Amino acid sequence: MSCLSCGSSNGVKFSAETMIHFPGFKNLDKPGVWVFPEFLICLDCGFSQFSVPVHELWLLASGTGRTTVQGRS
């Protein structure tokens, strides 16, 4: 696969763990969402890309970062 930034074919997949935080001061009390994606990193220019798995994407879209409704388990 060619790099979207420089067009190089010198990309390598790496496993990663990433904590995604909700932006802004108003969201400081919300827990972040752990994501364990595979990054594709261009070794020529450093451009990287990854996809967020469906469950974690739902947590981000819900805006809570929680897997349960508050007050319920």
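The values are calculated or read from the model by the stated rules, or taken from the named source; none is laboratory data. Quick caveat: nothing in here was measured; it's all calculated off a predicted structure. Cβ placement follows ideal geometry from the backbone for every residue including glycine, while neighbour counts extend to all protein chains displayed.
Total residues in region 28-49 satisfying the condition of being under 19 Å from Lys13 (Cβ atoms), at pLDDT below 95 and in a loop (DSSP other than H, G, I, E, B): the figure is 2.
A residue that is under 30 Å from Gly7 (Cα atoms) and of a type in the set (S, T, N, Q) occurs somewhere in region 49-59.
Condition check ((1) outside any loop (DSSP other than H, G, I, E, B); (2) surrounded by 14 or more Cβ atoms within 10 Å (Cβ to Cβ); (3) modelled with pLDDT of 95 or more) across all residues:
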site: Cys6; (1), (2), (3): no, no, yes
site: Lys26; (1), (2), (3): yes, no, no
site: Leu60; (1), (2), (3): yes, yes, no
site: Thr67; (1), (2), (3): no, no, no
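Would you check if Ser5 is hydroxyl-bearing (Ser, Thr, Tyr) and touching a strand residue (DSSP E or B) at 6+ places or on another chain (Cβ under 8 Å)? Yes; evaluated as a whole, the condition is true for this residue.
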